[in-house]
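Peer 1: This is the structure I have questions about; it appears just below.
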Amino acid sequence: MKEKNVLLIANQISKSFEATKALDDVSIKLLRGEIVGLIGENGSGKSTLSSIISGVQLFDHGELILNGESYLPNTVLDAIEHGISMVTQEQATFDKLPVFANIFVGREHLFSEKGFLQVNKMKREAKKALEQIGVQHIDPSSNMSSLTFEERKLAELARALYSEPSLLVIDETSTTLSKTGRDILYRLIASMRDENKTVLFISHDIDEIMEVCDSLIILRDGKLINTLKKEDFRPETIKEQMIGRKIDTDFYQRTECIFTTAEKMLVGRNLSYKSLDDINIELIQGEILGIGGLTDCGMHLLGQILFGLVRPDFGSVTVGNKKITTPIAATKSSVAYISKNRDDEALLTLMSVRDNICLPTLNRLSGLFGVISKKIEQNFVNEWANVLQIKMNNMNQAVLSLSGGNKQKVAVAKWLGFNADIFLFDCPTRGIDIGVKASIYALMNELKQRGKAILMISEELPELIGMSDRILIMKDGKITGDFVCDEEISEKTLIQYMI
Ligand SMILES: Nc1ncnc2c1ncn2[C@@H]1O[C@H](COP(=O)(O)OP(=O)(O)OP(=O)(O)O)[C@@H](O)[C@H]1O
Ligand SMILES: [Mg+2]
């Protein structure tokens, strides 16, 4: 029977990957005219559920009913034809293709006439698709690889909306977007709701969920725990149901700097490259130095330069008396770096969890004659997998098949295990659930007490304020604000220097 206002019903959906039960008998209903939140810890099944609905993969058991009829999408295009499109959690664009080709990938037939592809028409339509979501600054002819992380996501959003879906699935996209990008996204999904369409919105940010969503589905370990209506949203309840126990929500825990010698661990002098203009930076022993700003302020580029990934046009980076010009030189000087762009830069996703975690530390793990004992390696990996609660079948599992947040944990584990002296963290807790976030902050404090130096580039103001000893704010490639953290400092103050 067709229920009024119900767009999609998922009945007792189950899905396993070998020993992992990613979804266990999950039943949900998506109503028209609603933005439905989906929340749960890393590995709780959010991406699996949303990718099944969007035709990326099939379920093992259960049924899907769309508009009162059985729905069994075989492919993403099949789902799009049924009015369902998705913006995925991981990057889903082809680097070597131009933007317009990415927007219409799989739908080239729309632009073919007598066997010829009408490229100009494609470009025009791509421009329109971008403009429709309020994006003017991306040239559809440019190569995808020349776009920033955020621009790629916006192109994906344009792609998803071009087919005018009645259900849009957004898997953790807001963390990759700047304030402007987020505003575009929020505006778009609100207008979809006004047109009686449906949005399934995945996020780890409870404040964002509370603000944006009309109802909320909570998953834990592949099981449906609860569905809440907006009037029943309470942060404490949501967190507790997600995690299955009460947690201390005040997890920022800035600790005193105990190293007063002010030894400079890493120094960047007069760094200029592209938009970066004469940046000077000193990272001191035993401190957490926060760097904040809007996504495109140059702070991510600065992180890459400090690790030797990008050569500046002017200026130098030094650790002690050693110049850092390549990542190899950086690691030799005991510098670790976590990139914001984890799939391209932070991890070898085709390789196993074990290989990724051991990689920077191979030298230290190998014994006599450079041979690594399996036992030592296993213990090492187990130790770090435990500390970060990495959810995996076993350590030989390819990183590619981990959930998004668990990939991030591998990226963090690999450098913590390396036992560096200097940590350059670019958005270290991106996509990580609140439970593990707390342990990463605790680890950062512990590193600090042990005299390590941490540079934390972050787009989250509460994280910057809650964890840093000093904060530098950047805008348009320059440092515009320099703060010592105390009780006085507020988000409002910092924002003034960012925009
Ligand atoms: N292709 C796959 N092969 C093996 N295991 C998989 C695969 N896809 C997902 N899993 C496992 O299924 C579980 C659920 O993963 P899923 O990606 O749905 O989690 P999630 O809730 O989206 O987490 P996150 O917040 O980290 O993105 C995880 O344990 C994950 O490792
Ligand atoms: Mg996910």
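Peer 1: Condition first: touching a helix residue (DSSP H, G or I) at 6+ places or on another chain (Cβ under 8 Å) and within 16 Å of ligand 1 (Cβ to nearest atom). Can you find one or more residues in the range 156-164 that meet it?
Peer 2: no
Peer 1: Moving on to the next point. Checking the structure you have, find out if any residue of the range 181-189 is closer than 29 Å to Leu447 by Cβ and either in contact (Cβ under 8 Å) with a residue 40 or more places away in the chain or not assigned by TED's automatic domain parsing to the domain that holds Gly37 (or both).
Peer 2: No, there is no match, as no residue in the range 181-189 is closer than 29 Å to Leu447 by Cβ and either in contact (Cβ under 8 Å) with a residue 40 or more places away in the chain or not assigned by TED's automatic domain parsing to the domain that holds Gly37 (or both).
Peer 1: Where the second residue is more than 8 Å from ligand 1 (Cβ to nearest atom) and part of a loop (DSSP other than H, G, I, E, B) and the first is farther than 16 Å from Ser44 by Cβ and among the small types (Gly, Ala, Ser) and lies in the range 384-412, which pairs have Cβ atoms under 8 Å and are six or more apart or on separate chains?
Peer 2: Ala385/Met395; Ala398/Thr349; Ala398/Leu350; Ala398/Met351; Ala411/Ser339; Ala411/Leu347
Peer 1: Sticking with this structure for a sec: Please note which strands (runs of 3 or more DSSP E) are completely contained in the range 1-107 and include at least 1 residues that are more than 15 Å from ligand 1 (Cβ to nearest atom) and of a type in the set (Ser, Thr, Tyr).
Peer 2: Because the criterion is at least 1 residues that are more than 15 Å from ligand 1 (Cβ to nearest atom) and of a type in the set (Ser, Thr, Tyr), the strands (runs of 3 or more DSSP E) in the range 1-107 that meet it are 20-31, 84-87.
Peer 1: Glu151 passes all but one of (1) away from ligand 2 (no atom under 16 Å from the Cβ); (2) part of a loop (DSSP other than H, G, I, E, B); (3) among the acidic types (Asp, Glu); which number fails?
Peer 2: Evaluating Glu151 over (1) away from ligand 2 (no atom under 16 Å from the Cβ); (2) part of a loop (DSSP other than H, G, I, E, B); (3) among the acidic types (Asp, Glu) leaves (2) as the failure.
Peer 1: Give the residues of the range 391-408 that are surrounded by fewer than 18 Cβ atoms within 10 Å (Cβ to Cβ) and within 14 Å of ligand 2 (Cβ to nearest atom), sorted by residue number.
Peer 2: If the condition is that a residue be surrounded by fewer than 18 Cβ atoms within 10 Å (Cβ to Cβ) and within 14 Å of ligand 2 (Cβ to nearest atom), then Leu400, Ser401 are the ones that fit.
Peer 1: Identify, please: which residue in the range 293-325 is of a type in the set (S, T, N, Q) and touching a Phe, Trp or Tyr at 6+ places or on another chain (Cβ under 9 Å) and is, among those, modelled with the highest pLDDT? Lay out the reasoning, then the answer.
Peer 2: First, the residues of the range 293-325 that are of a type in the set (S, T, N, Q): 295, 304, 316, 318, 321, 325.
From what is left, the residues that are touching a Phe, Trp or Tyr at 6+ places or on another chain (Cβ under 9 Å) are 295, 304.
Numbers: Thr295: 80, Gln304: 95.
For the range 293-325, the residue satisfying everything is Gln304.
Peer 1: Mind checking which residues of the range 134-158 are free of Cβ contacts under 8 Å to residues at least 60 places away in the same chain, surrounded by 18 or more Cβ atoms within 10 Å (Cβ to Cβ) and out of contact with any Ser or Thr (no Cβ under 6 Å at 6 or more places or on another chain)?
Peer 2: Val135, Ile138, Pro140, Leu147, Glu151, Leu154, Ala158
Peer 1: Then there is this: Just checking, how many residues over the range 182-207 are within 16 Å of ligand 1 (Cβ to nearest atom) and of a type in the set (A, V, I, L, M)?
Peer 2: Number satisfying all stated conditions: 3.
Peer 1: Is it the case that the range 88-109 has a residue that's touching a Gly at 6+ places or on another chain (Cβ under 7 Å) and in the same structural domain as Ser174 (by TED's automatic domain parsing)?
Peer 2: There is at least one residue in the range 88-109 that is touching a Gly at 6+ places or on another chain (Cβ under 7 Å) and in the same structural domain as Ser174 (by TED's automatic domain parsing).
Peer 1: Further question: Scan the range 276-296 for residues that are in contact (Cβ under 8 Å) with a residue 24 or more places away in the chain and out of contact with any Gly (no Cβ under 7 Å at 6 or more places or on another chain) and report the count.
Peer 2: 13
Peer 1: Which of the numbered conditions does Leu110 fail, given that it passes all the others? Conditions: (1) in contact with an Asp or Glu (Cβ under 9 Å, 6 or more places away or on another chain); (2) surrounded by 14 or more Cβ atoms within 10 Å (Cβ to Cβ); (3) modelled with pLDDT under 90.
Peer 2: Exception for Leu110: condition (2).
The values are calculated or read from the model by the stated rules, or taken from the named source; none is laboratory data. Owing to the predicted nature of the structure, the values given are computational and were not obtained by experimental measurement. Glycine also receives a Cβ, built like all others from the backbone with ideal geometry; neighbour counts cover every protein chain displayed.
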